[in-house]
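Notes follow the structure.
The values are calculated or read from the model by the stated rules, or taken from the named source; none is laboratory data. All of these numbers come straight from a predicted model, not from anything done at the bench. FYI the Cβ positions are ideal-geometry reconstructions off the backbone, even for glycines, and counts take in every protein chain you see.
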Amino acid sequence: MTTVGFLYPGHFAEDDYPRMEILLDSTIRLVVRHTESPDDSYREDALRELGAPGRLAAGIGELQRSGVQCVVWACDGGSFLYGPQGAHDQVMALAREAGVPASSTSIGFVHAVRKLGANRVAVAATYPEDIAARFTAFLRAAGMEVVATHAAGVADATEAAAWGPDRVRELAAAADRPEADAVLLPDTALHTIGHLTELEEALGKPVLTANQVSVREALRLADRPAWAPRLGALFAALESPPAPVTWGSGRMYAHGGRR
């Protein structure tokens, strides 16, 4: 049995995780523990507060008791808004606290893009423009070529969680460009798992969404390949995990708590 853990802020689209567990191999268990989300606004100060060390550490004990083999901070804005170095430091601290490898959704997006071999991506973000721009900057710092960014201007996670498949599809289509090899939808408050294949069929290319990427990142850390075509191109083939992301300094980035 492979058991992987997630720290998820608040209660928005966490039902995506049991959906994914059903679609994955029966020997894979996804354990979700919630962290406090006192302010679900998509403002920089509120999003950064979600990733505060004490807030993350408070959820570790329950995950440890569940026997998880790794932990993923299932949050975008509470990670990429710290910048590349800050996001790295955040998950290294999480790994030390948990005693198992750790990563985050934001870092998982970079690994997922590399797994697909996508050279150019488009970003379809629920966020306001300033927050979406910070996610784009995070990707570019990791060497991604972002050909377009579309920001929907959603005010908070509650609003994002209420979106249905049609609005998600409209968001993805608004960001897509012919030259994009994949479309990325950050925001773990957005429900996407029930219609990933429809999204990819509509756009004719891979679509990466936050909760999907979070699970793939956890399985990467656990060295557990998984095949689940209904979870999109990211899970459509059994492959060895890619090398962890490295940055200009050559430092290893969010891989098993090692440098």
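None of Ala148, Ala93, Ala87 is assigned to a helix (DSSP H, G or I), over 15 Å from Ala210 (Cβ atoms) and in contact with a strand residue (DSSP E or B) (Cβ under 9 Å, 6 or more places away or on another chain) except Ala93.
Each row is one residue, and each column tells you yes or no for (1) of a type in the set (A, V, I, L, M, F, W, C); (2) buried (at least 16 other Cβ atoms within 10 Å of the Cβ); (3) under 14 Å from the mean Cα position of the chain (by Cα).
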{"residue": "Ala93", "(1), (2), (3)": "yes, no, no"}
{"residue": "Val100", "(1), (2), (3)": "yes, yes, no"}
{"residue": "Ser104", "(1), (2), (3)": "no, yes, yes"}
{"residue": "Met144", "(1), (2), (3)": "yes, yes, no"}
{"residue": "Ala151", "(1), (2), (3)": "yes, yes, no"}
{"residue": "Asp176", "(1), (2), (3)": "no, yes, no"}
{"residue": "Pro186", "(1), (2), (3)": "no, yes, yes"}
{"residue": "Gly194", "(1), (2), (3)": "no, no, no"}
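Every condition in (1) assigned by TED's automatic domain parsing to the domain that holds Pro84; (2) farther than 23 Å from Phe12 by Cβ is met by Glu179 except one, and the failing one is (1).
None of Gly204, Gly248, Gly232 is closer than 26 Å to Ala132 by Cα, surrounded by fewer than 14 Cβ atoms within 10 Å (Cβ to Cβ) and at pLDDT 95 or above except Gly204. Applying the condition of being assigned to a strand (DSSP E or B) and of a type in the set (A, V, I, L, M) to the range 1-35 and asking which residue is surrounded by the fewest Cβ atoms within 10 Å (Cβ to Cβ) yields Val31. The single residue among Ala142, Ala162 that is small (Gly, Ala, Ser), more than 19 Å from Glu44 (Cα to Cα) and out of contact with any helix residue (DSSP H, G or I) (no Cβ under 8 Å at 6 or more places or on another chain) turns out to be Ala162.
Could you tell me whether any residue of the range 202-224 is assigned by TED's automatic domain parsing to the domain that holds Ala122, touching a residue at least 12 places away in the same chain (Cβ under 8 Å), aliphatic (A, V, I, L, M) and more than 25 Å from Leu7 (Cβ to Cβ)? Checked the range 202-224: at least one residue is assigned by TED's automatic domain parsing to the domain that holds Ala122, touching a residue at least 12 places away in the same chain (Cβ under 8 Å), aliphatic (A, V, I, L, M) and more than 25 Å from Leu7 (Cβ to Cβ).
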